[in-house]
Protein chains: 2
Amino acid sequence: MYSFTEENYLKAIYKLQEQSDANINTNAIALSVQTKAASVTDMVKKLSEKKLLKYEKYKGVELTAEGKRVAIETVRKHRLWETFLHTKLNFSWDTVHDIAEQLEHIQSQELVDKLDEFLGFPKHDPHGDPIPARDGEIQRGNFVQLNELKTGEEGVISGVVNHSSVFLKHLEKNELTLGKKIRIMEISEFDQSVQIWLNENSKMQLSNEVVRNILVKKGISYE
Amino acid sequence: MYSFTEENYLKAIYKLQEQSDANINTNAIALSVQTKAASVTDMVKKLSEKKLLKYEKYKGVELTAEGKRVAIETVRKHRLWETFLHTKLNFSWDTVHDIAEQLEHIQSQELVDKLDEFLGFPKHDPHGDPIPARDGEIQRGNFVQLNELKTGEEGVISGVVNHSSVFLKHLEKNELTLGKKIRIMEISEFDQSVQIWLNENSKMQLSNEVVRNILVKKGISYE
DNA sequence: AAATATTTTTAGACTTATCTAAAAATATTT
DNA sequence: AAATATTTTTAGATAAGTCTAAAAATATTT
């Protein structure tokens, strides 16, 4: 259907579009797919001819419905494979991305559907990101960054902003994994670092950098 | 490491080498990888430079140890993925090949090892073909073609010669699947078709064409 | 608004893997 | 062994995706 490379461009543009709602410019795409601006211009022309996106010279690009469909399909495959790798093959959450990056391009609708069924129709991947449904629908959990919670408020770790391997390893080492319940004890005036309550005998100090990159589902708040 | 295409050529040459022990010629490879002789010459030169095979103009090719290693590794991956598709995702044995043809090129040693473990270190794929071990060792069951059995002899279906989808579908429809026990009742003088005994109330007439393409593990013989 | 900086595009080249058509080598017939 | 047929290789072209360097357009600064 569409090539490995085309799918990667579409996915990258889709993700940029998610974050910005303005038209996506050449340099941003180049950065995202790890290539040069000149290459992006070439590819973008090609994708435009195939009606996968709208392109006007010097004005950036915007996905068409079909381009978006392909992008979401690719995201769906990526996240299903990540889930497979994590839940069935015991890969840790910081190692699944690179392999899923390859697996997401395997062509077979039946494979995706059967994988989905085998995994029990999961709603989230190992990082808490939503897995798009077959029809492209994405159920976004209304998560907030941990730094948005106030003292005394509780939440359950449900996702991450930063997906880098170093960050994920750091969380893993500190047992700050998905599903963990947290209560904000104190927020430092000095550096916005946060003391959190985990259980009777476990408190922890998190830097603002860490706190901003953790997504939580807000729980019942206490004063 | 090695490209999709390189792996496919090596696998094809390996399989041809299995069947023939003479040097493998250009046309045979072209047929096998579905390309033209000229393309094969180009690729074979490239693989020769990379020391994956020995090539002398007009004399055909022969894999080096490294070339064989890569080929067997690819076969291993192919058959593990086929097993996954069949036993975990419920793909029928006539549909697994094409998807495994893509999956076999995913690069990750850890993935292969974990998949192997997840599947319980299977010895055979859904067609009865042996799955090479991590070290490249291949445990070949000493199977014989069903037409080599004499009247009264028994065997268990353990593999197929013909891997085509039509043939596999035909066997499936007639419940001639792996593990099935068979006894030869009568071999026709006229067309070498064979009457087989399956159980008290089930006999079956198999054409010579079918019988030659079924591999069995010989059982105890009766007169 | 002119000058400068940044971004984007064009032009032309490179790589991988493929192809067709023709030439060269090898095999088979007669 | 000469003639014919087949196989293999070479030569030159094509497509996908990439690159560098220069030109063109847009944005920012002064």
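The values are calculated or read from the model by the stated rules, or taken from the named source; none is laboratory data. Small disclaimer: the values here were computed from a predicted structure and weren't measured. Here Cβ is always computed from backbone atoms with ideal geometry, including for glycine, and neighbour counts include all displayed protein chains. The protein model used for the area step is the full one, side chains on, heavy atoms only, and it has no ligands, DNA or RNA in it. Shrake-Rupley method; radii C 1.70, N 1.55, O 1.52, S 1.80 Å.
When you look at A:V210, is it in contact with a strand residue (DSSP E or B) (Cβ under 7 Å, 6 or more places away or on another chain) and open to solvent by less than 20 Å² (accessible area, probe 1.4 Å), yes or no? Criteria not met by A:V210.
Just one residue in the set A:L115, A:L171, A:L89 is more than 22 Å from A:T74 (Cα to Cα) and not hydroxyl-bearing (S, T, Y); that residue is A:L171. Taking region A:13-32 as the range and being in contact with a Leu (Cβ under 9 Å, 6 or more places away or on another chain) and either aliphatic (A, V, I, L, M) or open to solvent by less than 40 Å² (accessible area, probe 1.4 Å) (or both) as the test, the residues that pass are A:I13, A:Y14, A:I24, A:A28, A:I29.
Just to check your reading of the model, which residue among A:T41, A:T74, A:T35 is among the polar types (S, T, N, Q) and open to solvent by less than 10 Å² (accessible area, probe 1.4 Å)? Before you say what the answer is, go through the steps one by one.
Values: A:T41 fails: open to solvent by less than 10 Å² (accessible area, probe 1.4 Å); A:T35 fails: open to solvent by less than 10 Å² (accessible area, probe 1.4 Å).
The conditions single out A:T74.
When restricted to residues that are surrounded by 12 or more Cβ atoms within 10 Å (Cβ to Cβ) and within 14 Å of chain A (Cβ to nearest Cβ), region B:102-145 contains 16.
Restricting B:S20, B:S32, B:S92 to those that are more than 11 Å from DNA strand C (Cβ to nearest atom) and in contact (Cβ under 8 Å) with a residue 24 or more places away in the chain reduces the list to B:S92. Among residues of region A:47-56 being open to solvent by 80 Å² or more (accessible area, probe 1.4 Å) and part of a strand (DSSP E or B), the one that is nearest to DNA strand D (Cβ to nearest atom) is A:E56.
Condition check ((1) part of a helix (DSSP H, G or I); (2) within 11 Å of DNA strand D (Cβ to nearest atom)) across all residues:
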{"residue": "B:E7", "(1), (2)": "yes, no"}
{"residue": "B:A12", "(1), (2)": "yes, no"}
{"residue": "B:Q17", "(1), (2)": "yes, no"}
{"residue": "B:Q34", "(1), (2)": "no, no"}
{"residue": "B:K45", "(1), (2)": "yes, yes"}
{"residue": "B:Y58", "(1), (2)": "no, yes"}
{"residue": "B:V61", "(1), (2)": "no, yes"}
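Of all the residues in region B:86-99, those that are in contact with a Leu (Cβ under 7 Å, 6 or more places away or on another chain), facing another protein chain (nearest Cβ under 10 Å) and not β-branched (V, I, T) number 2.
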